[in-house]
Amino acid sequence: MKKIISIFTIIFLLILMTACDQNPTEPNEPTPTPTEPAINLSEVNPTNDVYYQIFVRSFADSNEDGIGDLNGITENLDYLEELGITALWLLPVNPSPSYHGYSVTDYYGIESDYGTMEDFENLIDAAALRNIKIVIDLVINHTSDQHPWYQSALASTTSPYRNYYIWQGNTAFESFVGGMKDLNFKNEAVIDEVKNIMDFYLEKGVHGFRVDAAKHLLEGINAPFENTLLLLDLNLHIKEEYPNSFIVSEVFDYNYLAYADYYIGSDSVFNFNAASNIWDKVGNGNSRYLLVSNLKKGYDAYRYIDPEFVDSPFIGNHDLDRLASMGGFSIFNTKEKITLAARILLTLPGSPFIYYGDELGMKGYRYEGTNIPGYGIVYDEYRRQPFLWGNSEVQTTWLPSDGSNDDTDNLIEQREDQDSLFNAYKEMIEIRKNNPALMYGNDFSAYKNNNSSIQGYIRHYQYETINQAVLVIHNLSSDATSITLDYEELLYGSLDIPAYGTLIVTINPSEIEDYR
């Protein structure tokens, strides 16, 4: 009897094991299927970033000499990562007799106040570990009159560097005063020198270059066309070895038609037209109903030249009075208007550039040869004054305070204030990075219900299986307003838009025409 029971037991176990082998998963559990690899849109769009512009002398001091330096940036990459930026633009880092660095004496060296070439390389490597790119200022329109090239050219008409410059009697031509001598780009040797300089820094790991004074490289009646061809030549050269490298050109002009053609030779061009429209419509409240239509005119012009254009919008930089010191932003509704300007900047196409300290609402303006006790005669210095860390260990002190930021909260104070400008920047950058319609592409169309108070636009991006449309609506008036709107997801704000407020929603990409 026991044998019979044992046999039946063994048979039962065998059947059970066979059943388990044939049904390895629960009856209702779906069989796993291979998943498609996630699309890395930052690799698809290598020239779309959120930039932070740094004047090294004013940012962060690492060795207690009061002067900002490269190690100071490296040691504070945590802050930049916290803010959310993905790339840095460093103002000139080469040796120079001027505080600002725009009169270079050695293109292959580092300003001693800022550190060493090893410090520069360490910064590039440390930033790369955080997926932060580095773009440097390429100051090639001119050199310092103390540059060895110029000194040699000045000393002898037979110098090999004599034709590096454009001579007017016994001196060389200057587009800008202050001992900055224009290079001669009719000379192929000068072009070759510039290519070598670019190769030198690309090999070290920089992402690209901001070309200073691009409209002045070649002067004359055909200058725009000739400068475009020159930039194209430089760009094609670096793209051979570094196809994802980046050139953004400074064409200082508020008329978008003056620099649209520069998209032929550049990957991007700074959008002075967009900046001036934001200053005028948001800050001064002039013709507010024209904000989006004016922006669109520029984008359409750039798209005509390059359908894949990447814009470089900004609302502040080192050559301008600080946004918080501009008339329209410094009198009434100051914080609200400044915050609105930031939200507009961070929802426009391209790669927005944030000037260091603008995220704190720092003030600063140009003086016209005023003597500042403890420093001397100043001009642009206070447009570029020390960052407000609230931490004496990293605070730069090279420039004494003129009192303009006595009432501006420092970083430590703004971190703790959820309603601070800093936290507004941080939140908007995160929203931008998390939504491909805002972060990538250049699609921009006007919202159909725009008026003198409400200014909205649709951003759309599509790549393979990714398809997103975002509607951004700004209230440019001092009165709250409510709107009725069909949308898919609320990203920011509410349908009850406060004075100088913003609403951001996703909409069905197939229904874009219903909104414009």
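The values are calculated or read from the model by the stated rules, or taken from the named source; none is laboratory data. What you see is a predicted model, and the numbers here were worked out from it, not measured in a lab. Cβ sites come from the backbone with ideal geometry, for glycine too, and all protein chains shown count toward neighbours.
Points worth noting:
- Qualifying residue in the stretch 140-161 (condition: within 18 Å of Gly72 (Cα to Cα) and either more than 31 Å from the chain's Cα centre (by Cα) or assigned by TED's automatic domain parsing to the domain that holds Gly220 (or both)): no
- Just so you know, in the stretch 268-299 the residues that are buried (at least 18 other Cβ atoms within 10 Å of the Cβ) and of a type in the set (Lys, Arg) include one that is farthest from Thr228 (Cα to Cα), and it is Arg288.
- Among the residues here, Ala87 does not qualify as outside the structural domain of Asn244 (by TED's automatic domain parsing) and either in contact with a strand residue (DSSP E or B) (Cβ under 7 Å, 6 or more places away or on another chain) or modelled with pLDDT under 95 (or both).
- Verdict on Tyr487 being more than 29 Å from the chain's Cα centre (by Cα), among the aromatic types (Phe, Trp, Tyr) and either surrounded by fewer than 21 Cβ atoms within 10 Å (Cβ to Cβ) or part of a loop (DSSP other than H, G, I, E, B) (or both): yes
- Considering the stretch 340-443, the qualifying strands (runs of 3 or more DSSP E), each wholly inside and each with 2 or more residues that are in the same structural domain as Asp65 (by TED's automatic domain parsing) and more than 28 Å from Asn273 (Cα to Cα), run over 370-372, 376-378.
- Subset of the stretch 410-434 that is under 17 Å from Gln395 (Cβ atoms) and in contact (Cβ under 8 Å) with a residue 40 or more places away in the chain - its residue that is surrounded by the most Cβ atoms within 10 Å (Cβ to Cβ): Gln414
- The residues of the stretch 436-458 that are in contact with a Pro (Cβ under 6 Å, 6 or more places away or on another chain) and of a type in the set (S, T, N, Q) amount to a single one, Asn442.
- Put simply, of Lys181, Lys186 the only residue that is part of a strand (DSSP E or B) and over 30 Å from Pro46 (Cα atoms) is Lys181.
- Here the helices (runs of 4 or more DSSP H) wholly within the stretch 35-84 that include at least 1 residues being closer than 17 Å to Asn391 by Cβ, in the same structural domain as Pro400 (by TED's automatic domain parsing) and not hydrophobic (A, V, I, L, M, F, W, C) are 56-59, 70-74, 77-83.
- Every residue from the stretch 111-129 that is of a type in the set (A, V, I, L, M), touching a helix residue (DSSP H, G or I) at 6+ places or on another chain (Cβ under 8 Å) and surrounded by fewer than 20 Cβ atoms within 10 Å (Cβ to Cβ): Ala126
- Between Val177, Val194, the distinction of being β-branched (Val, Ile, Thr), free of Cβ contacts under 8 Å to residues at least 12 places away in the same chain and either within 26 Å of Phe272 (Cβ to Cβ) or assigned by TED's automatic domain parsing to the domain that holds Ala87 (or both) belongs to Val177 only.
- Some residue of the stretch 114-130 being under 30 Å from Ile431 (Cβ atoms), among the polar types (S, T, N, Q) and in contact (Cβ under 8 Å) with a residue 40 or more places away in the chain: no
- Checked across the stretch 234-244, the condition of being touching a Pro at 6+ places or on another chain (Cβ under 7 Å), under 18 Å from Gly265 (Cβ atoms), polar (S, T, N, Q) and touching a residue at least 60 places away in the same chain (Cβ under 8 Å) holds for at least one residue.
- Total residues in the stretch 302-320 satisfying the condition of being under 17 Å from Ile354 (Cβ atoms) and over 18 Å from the mean Cα position of the chain (by Cα): the figure is 0.
- Criterion: outside the structural domain of Ser175 (by TED's automatic domain parsing), over 22 Å from Pro352 (Cα atoms) and surrounded by 14 or more Cβ atoms within 10 Å (Cβ to Cβ) - qualifying residue of Leu231, Leu217: Leu217
- Flag set for Val135, criterion: in a strand (DSSP E or B) and in contact with a strand residue (DSSP E or B) (Cβ under 6 Å, 6 or more places away or on another chain).
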